[in-house]
Each structure stands twice: as C-alpha cells, then as structure tokens.
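Trainee: One structure, pasted below without further comment.
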Amino acid sequence: MIYKITYGEPDINSEAVVRYVFQETSPNDFSELFKDIEYKVDGEYITLKRRIENEGYFFGFGDKVGPLDRKGRRYVFWNTDNFTHHPSADPLYKSFPFFVYISKDFNKVYGCFTDYPGWMEIDIDSKNDKTISFKIRGKGFNQYIITGKNVREILKQYLRLTGQNIAFPIWAFGYQQSRWSYMTQDEVLDIANKFRKEDIPCDVIYLDIDYMQDYKVFTWNKNNFPNYREMLEKLHQEGFKVISILDPGVKVERFYKIFENGNGRYFLKDIYGGDFEGAVWPGRVRFPDFRDKKVRIWWARNAKKYLEDGIDGFWNDMNEIAIFATEDDIKEARKKLKNAKLEDGIKLAGTLGSIGEIGRQGHGDDIVHLDGTPHWKVKNTYGLNMTKATSEMIQKDLNKRPFLISRSAYSGIQRYGGVWTGDNHSWWEHIRQEIIRINSLSLAGVFYSGFDVGGFGGDVNAELLIRFMQLGVFSPMFRNHSAIGTKRQEPWQFGEEVKNILRDVIKFRYRLIPYIYTQYMLGIKKNIPLVRPLFYDFSKKEALKIEDEFMFGDSILVAPVDRPNIEKRLVWLPKTAINLFDGNIYKNGWRIVNTPIEYIPAFQLINTAIPTMEPQSYVDMLKVDTISWNVFSDGKSRIMSYFYEDDGISLGYKKREYNLKQILIKENNIIIKTKQADYNVRNRTWNFSITYIDGSTKNVSIEVGNDGEYTIPIR
Ligand code: MIG
C-alpha cells in the first residue's frame, strides 16, 4: 500500500510521481511505525521530526557514499559536482530521497519517499536519540509511505509510483571502454583494433569532451575527427557502438548555431531577467531550461543529428548543474587576476578554489526558469529533465531503447535512462564503496548503473585494476573509464600476464550474457533489480549486516576482493552454493574461500540454472548456436530458471515481443516450457551440465526451437 502525506503547501511538481496509486492519509495512521514529534516552520525552512520506535536498518539514497546502512548519518540532497568521493563527501550528484526501513527481525518493513526536488536534508538518527528528521527549504513536500511484507514488495510499489525502468539495449551488457579522452579518430580506431587484435571482447567505445570543437555541444572537432562518419562506420563494421558525452552548457559565441538558436528562447534566466551565465569547459556558457518541453524538443532534435552521424547513445555529464564559476565569480576573479580570460573556466576555477565547489550552494538562487520557477526549488531535477529530452525522442521518434546514462539524477530517472556514479578514484576503498553504491542505486529503483571500473581519478595499478574489473563483471554497466592525466588503464596497459588475466575476466562476462540479459529483462518487467543486497532475497539477520557481498540476479552471489594481497576471504552463504570458477561446493553459513588473482569468489546458489554461451568479441545473439547451462540441483522437482530473448534494441518487449522459456527439474527430467514466443528465436543446442550436492555430475543436451515443450531425461 502507498500512502501519501502532505506537509505544508507544496508548490512544485517534482515529476517523480507518475501514477496515482496512493491513498491520502495522515501521520497518525503510522503510529505503529513512527510518530511525528515536531513540525516546525522556520523562515524558509520546514523541519519534520519523527520518533522511530524500532531498532532497525535504513537502506537507500542511491549512490551516496558511506555504509549500506544509512543510520547515524545526515545526508543533503542538492545535486552537486563533488568529485572526490571521500568517506564523508556530501552532497553528491544525485538525489534519491527514498529509503527502506527493515527492523532487526524483518517484521516491520516500510519505504519512505520524500518527494521534494529542492534543498533537503535527511538525518537518520545521527544523534542516537531515536529520531529521523527531514528538513527542506520550501513551502511544503509530499511524503509517500510504502508498506508491504518485504523489500521486494516495497520496491515494486515504489516503481509503480515513480515509473518502470526503460530497458537498455542488449549491447549495453558487453564490455565498455572509455577514457577522458580518446583525442583523435585514429586513436579511437587504434583502441578498437587493439581489442579485436588482442581477442579481448568489447562492445562500446566512448567519446569524451574532446570530440567537440572547443567543447561546443553538437559539433565535431574537424581537425581531430576529420572523417568522423567514416570512423563511426568502421567501428560499426567491427561491432562497436559509440557513446558520446553531452554537457548542457552552450558556449556563448556569435554565429555558433546552437547558441544563436537558443539565445533569448531556451536558456535559463538570472534573477534580473537577463541570461544566466557560468563558465564551464567551453568558457562562457548558458544553460538550456530542460523543464520546458519546447527546449527538450529542440535539444533532442540536435542530438538526433549525432545519432544520424552514427553515434549510438549519450552520457549526460555536468548536469547538476556543474558550474566552474558563476557570473559573480568570474567578475571577482577578473578583479583578482588581471590576465584571466573569461573563456578559461578551469583557470578561473583554479584561482577561486576547487572545481565544482564553486557555486556549491550559490547558483540555485541566481537562476530562474522560463516559466518563472526559481531554480532552487527544482534544482535536483535538472539532470533528469536533460535525460528525458533525448530519451523521449529516441523512444517516440525512433522506437528504440535509449542508451543514456546521466551523472545527475532525481527519483524517476529510471524511466529515461541509467546512471553512473561519477568521479570515483583508483583507490582500494572505492571497490567497497562502489559495491554499496550500485546496490543502493538498485534500491532507489535504478537498475542500469555503473561505476568507473579501475577508478577515474588517480593512478591505478595492476592488482587494483584486476580486482576492479572482476567486480565490474557483476555490475549492470561494465565500463572502464579514467581521467585525463592519470595512468592509462585499458586491459593491456600492465603487461602480458595482466592482459591475459583481464581477457579471461572480460570473457567471463560474455559467457554470462544470456543469464545477465534474462535476469535484467525479467527484472525490468517485474520491477526487480539485477544487482541487490543480500537482504532483498534473504530474510536472515546476517543479510542485513553484510555490505561486501551482493546478489547478481537470482542465482549468483558475489563476494569481491577489496584489498591487495588477499588470498582468502570470509563469505556468508545463505544457501548451499557452488563456486562458479573452481567448482568447490560449500554449505550455507560462514565459509573461508580462496581468492586467487584470476577471479573473485562468485557462487551459484543451489537449485538454480545459469545459461551461458561461448564468449563473442561483441554481443550478437543471432550468431549464438549453443547455450550451455550450469545446473546446480539437490535433485528435487522445481523451477530452476528462465531464458529470455528478444531483438535486443527495440521497444517491442513492452508489447510482449519476446521469447520466454521456463526451465524446470521434474523427477528425473529437465523440462523446458515455452511461455511466450512472439519473437522468433533460432534453433539451438542446449547443453546441460548438472551438478548435484555431492559433486556428481550429469550431462545431457537437446535441440531447442522457437516454440513448444521439451522433456529431457537426465541419464
Ligand atoms: O570536469 O568530460 O564525471 O566522467 O570524463 C570533468 C570529462 C568533466 C566529469 C565526468 C567524467 C568525464 C569528465 N567530466
């Protein structure tokens, strides 16, 4: 059940809530879960304080840093380009003011979504006085309390309220290589060729800001990318997709078409009615008002030209909005530094403090939207609306699934695209942190997420890169990315031995594609995340406390390695499980397992079946003629797994244009039932390798076609 409570007089539509599936109610109805003990209006701020009755756990808030359990901490929601994710860095790029409470005994569970897109602070019992408080700057806010019997039900309802995830194309699950920046078309092609020559699978290559002329959005740098269409065509022939970065700031420059188009019509205003300007990569820029539909249409029309050139998707960066320097800062800096050029955002920022810090709180108050709404009331939705612009065009005009990831986001972003966690570091500590962040993003309803594998800032080393990559295999988005000026971290950068290890690591990801895609797509349909914390599936007290293990789909438990020189680690297993790599079988409970450098512990749980395939150099299901199933069974009859397939790129899945098969064990047979056959799949050989708890194995195989039911005796 979803209940809505209104505090004060909300005067802003956050756009997070898409469906009226709630009941209006009052806080008294929840006295069993919590009591309102204070409601205070203090100038521009409203504070609500609640007594919490139970001792329990608070999970959520998306990719905020800190432990998985958010208790004991205060978080601010005010989207900010905060590029050093140290343990107390806050606020960050995104705002997902949604958490789930779970009592120690799992008896009480509820979700709490505080829908307000301006400045907000949520304090989860930081004083240890059994209170939570919510503070906003504004006239009022809506809160949705979601009840249900477990986290699974609560998340499903949250997604009914804020919208289902849009599916990503299947190639989004291949390996992705990025760098700030591959500077020229030759460099891009060299990188691509190297992957093919080295027999290292890769699906996606990224173009960072240097593909543009002077960082001007919707242009190409014609010196460094003179034949960009040809480049893109060659890449496509080799099976690559190409993602280019989009930054919202439009350079102020006469005769620059995008600027001239938008000037006076599409850009945010300042409080005096003039144009709001800041300095970012291109120098002086103005910012499109993506809240306005005509602006979104204009932006999307331009983005479409990139798609026509051959670009396959976008990553939306700097959309917090990140501003190196505001107008006032620029004036100040010019006074201080006589020679500072207005155009040089970086240098200016350097003189003013650190990049991104600038305008931290400030620029919310300086900006007004085209409809008169002050920016500080809706700041946290800027990135969401930027992503909405291109997403709607790709879905509606092209009938395709968008590949869009955004750095800034607000609740509801999952309807338009996914996210990455921004500028992490090549630090061991960030392996643990990123596990927590992608799991918490799942709890915020964002099912396609990722982090810069290898770390963005700082220099990676061989062992750290290997461990990062091994975690990346089990992340929805598996993208290696790093910052300008840092050690390069493509898989071949650390010599033969490391290259060979990483090739196998990436190939393992490709083996799992049928499993990953099935789990992901069924998750999209049923509002179940691909990556999730243990307590999502297991109501055991250990599951509430473990943040360095997680589930990747419903069959695989992952236990990464997050320190150097580790040879063994402790793993808690909720069920009997088999190690995916060495085949060792473990009973449930606490176990010590080996962590050789070649792999991290990952386990298949009992009574599941995992479909795999031979690794390809890029994902192409049409070329797959054999599916190999790893079955781990206690011998009893039950449903083991599913196999899902569709065209991988269109929106046909929404109209049930897919092929779905269910895999069961019944007595001494494997049964395959076709549940849906509105997408024609080719005939394939399905090989089953069945392992029983005692370690004994059986192998059977069968030809499987588009339709029908199959019974295979296990002999
Ligand atoms: O000010 O485009 O998070 O992924 O490589 C830095 C350059 C701007 C920040 C993004 C990062 C990207 C970088 N960008």
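Listed here are the residues, each with its yes/no results for (1) in contact with a strand residue (DSSP E or B) (Cβ under 6 Å, 6 or more places away or on another chain); (2) free of Cβ contacts under 8 Å to residues at least 24 places away in the same chain.
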| position | (1), (2) |
| --- | --- |
| Gly589 | no, yes |
| Pro601 | yes, no |
| Gln604 | yes, no |
| Ile610 | yes, no |
| Met621 | no, no |
| Ile627 | yes, no |
| Phe632 | yes, no |
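Trainee: With the structure loaded, tell me whether Val151 is within 16 Å of the ligand (Cβ to nearest atom) and either at positive phi or of a type outside the set (Ser, Thr, Tyr) (or both) or whether it fails that test.
Mentor: no
Trainee: Being within 18 Å of Phe134 (Cβ to Cβ), hydrophobic (A, V, I, L, M, F, W, C), more than 16 Å from the ligand (Cβ to nearest atom) and within 22 Å of the chain's Cα centre (by Cα), is that true of even one residue in the range 21-40?
Mentor: No, every residue in the range 21-40 fails to be within 18 Å of Phe134 (Cβ to Cβ), hydrophobic (A, V, I, L, M, F, W, C), more than 16 Å from the ligand (Cβ to nearest atom) and within 22 Å of the chain's Cα centre (by Cα).
Trainee: Among the residues of the range 472-502, what is the count of those that are within 24 Å of the chain's Cα centre (by Cα) and outside any loop (DSSP other than H, G, I, E, B)?
Mentor: Result for the range 472-502: 6.
Trainee: Moving to a separate point now. Report the residue count in the range 405-430 for those that are more than 14 Å from the ligand (Cβ to nearest atom), buried (at least 24 other Cβ atoms within 10 Å of the Cβ) and among the hydrophobic types (A, V, I, L, M, F, W, C).
Mentor: Of the residues in that region, 1 qualify.
Trainee: Taking the stated definitions as given, is Tyr618 assigned to a loop (DSSP other than H, G, I, E, B) and either in contact with a Gly (Cβ under 7 Å, 6 or more places away or on another chain) or over 30 Å from Glu549 (Cα atoms) (or both)?
Mentor: Yes.
Trainee: Can you name every residue in the range 458-471 that is free of Cβ contacts under 8 Å to residues at least 60 places away in the same chain and out of contact with any Ser or Thr (no Cβ under 7 Å at 6 or more places or on another chain)?
Mentor: Across the range 458-471, the qualifying residues are Asn461, Ala462, Leu465, Phe468, Met469.
Trainee: Kindly provide the set of residues from the range 425-453 that are of a type in the set (S, T, N, Q), in a helix (DSSP H, G or I) and within 19 Å of Asp537 (Cβ to Cβ), ordered by number.
Mentor: Once the filter is applied, which keeps residues that are of a type in the set (S, T, N, Q), in a helix (DSSP H, G or I) and within 19 Å of Asp537 (Cβ to Cβ), the range 425-453 yields Asn439, Ser440, Ser442.
Trainee: With respect to Lys71, determine if the residue is within 16 Å of the ligand (Cβ to nearest atom), among the basic types (Lys, Arg) and under 16 Å from Leu443 (Cβ atoms).
Mentor: For Lys71, the condition - within 16 Å of the ligand (Cβ to nearest atom), among the basic types (Lys, Arg) and under 16 Å from Leu443 (Cβ atoms) - is not met.
Trainee: Related question: Restricting attention to the range 170-212, report how many residues are more than 16 Å from the ligand (Cβ to nearest atom) and buried (at least 20 other Cβ atoms within 10 Å of the Cβ).
Mentor: 13
Trainee: Asp63: within 16 Å of the ligand (Cβ to nearest atom), out of contact with any Asp or Glu (no Cβ under 7 Å at 6 or more places or on another chain) and closer than 30 Å to Lys149 by Cβ, yes or no?
Mentor: Criteria met by Asp63.
Trainee: For the range 439-449, check the following and say yes or no: at least one residue is within 15 Å of the ligand (Cβ to nearest atom), touching a Lys or Arg at 6+ places or on another chain (Cβ under 6 Å), of a type in the set (Gly, Ala, Ser) and assigned by TED's automatic domain parsing to the domain that holds Ser181.
Mentor: No, there is no match, as no residue in the range 439-449 is within 15 Å of the ligand (Cβ to nearest atom), touching a Lys or Arg at 6+ places or on another chain (Cβ under 6 Å), of a type in the set (Gly, Ala, Ser) and assigned by TED's automatic domain parsing to the domain that holds Ser181.
Trainee: Starting from residues that are surrounded by 15 or more Cβ atoms within 10 Å (Cβ to Cβ) and of a type in the set (S, T, N, Q), keep the ones in the range 688-715 and report whichever is farthest from Thr608 (Cα to Cα).
Mentor: Ser701
Trainee: A further question follows. Just name the residue that is surrounded by the most Cβ atoms within 10 Å (Cβ to Cβ) out of those in the range 461-496 that are within 13 Å of the ligand (Cβ to nearest atom) and among the aliphatic types (A, V, I, L, M).
Mentor: Met477
Trainee: Taking strands (runs of 3 or more DSSP E) that do not extend beyond the range 78-170, which have at least 3 residues that are not aliphatic (A, V, I, L, M)?
Mentor: Output list reads 98-103, 109-115, 131-137, 140-147.
Every residue, every condition in (1) surrounded by fewer than 21 Cβ atoms within 10 Å (Cβ to Cβ); (2) in a strand (DSSP E or B), yes or no:
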| position | (1), (2) |
| --- | --- |
| Ile258 | yes, no |
| Asn261 | yes, no |
| Arg265 | yes, no |
| Gly273 | yes, no |
| Lys294 | yes, no |
| Lys304 | yes, no |
| Leu307 | yes, no |
| Phe314 | no, yes |
| Ala322 | no, no |
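Trainee: Restricting the search to the range 675-715, which residues are among the hydrophobic types (A, V, I, L, M, F, W, C) and not in a loop (DSSP other than H, G, I, E, B)?
Mentor: Answer for the range 675-715, where residues must be among the hydrophobic types (A, V, I, L, M, F, W, C) and not in a loop (DSSP other than H, G, I, E, B): Ala677, Trp686, Phe688, Ile690, Val700, Ile702, Val704, Ile712.
Trainee: Which residue, of Tyr39, Tyr45, is touching a Leu at 6+ places or on another chain (Cβ under 8 Å), more than 24 Å from Gly163 (Cα to Cα), of a type outside the set (A, V, I, L, M, F, W, C) and surrounded by fewer than 19 Cβ atoms within 10 Å (Cβ to Cβ)?
Mentor: Values: Tyr45 fails: touching a Leu at 6+ places or on another chain (Cβ under 8 Å).
Sole residue among the options that is touching a Leu at 6+ places or on another chain (Cβ under 8 Å), more than 24 Å from Gly163 (Cα to Cα), of a type outside the set (A, V, I, L, M, F, W, C) and surrounded by fewer than 19 Cβ atoms within 10 Å (Cβ to Cβ): Tyr39.
Trainee: Okay, moving on. If I ask for residues that are within 15 Å of the ligand (Cβ to nearest atom) and in contact (Cβ under 8 Å) with a residue 40 or more places away in the chain, which ones from the range 213-247 would you list?
Mentor: Result: Asp214, Tyr215, Lys216, Val217, Ile243, Ser244, Ile245, Leu246, Asp247.
Residue-wise test of (1) within 23 Å of Val280 (Cβ to Cβ); (2) buried (at least 20 other Cβ atoms within 10 Å of the Cβ); (3) not assigned by TED's automatic domain parsing to the domain that holds Asp247.
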position	(1), (2), (3)
Glu53	no, no, yes
Phe58	no, yes, yes
Gly62	no, yes, yes
Pro67	no, no, yes
Arg70	no, yes, yes
Tyr75	no, yes, yes
Asn79	yes, yes, yes
Phe83	yes, yes, yes
Pro87	no, no, yes
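The values are calculated or read from the model by the stated rules, or taken from the named source; none is laboratory data. Not measured: the values here are computed from a predicted model. Backbone-built Cβ (ideal geometry, glycine too); neighbour counts: all protein chains shown.
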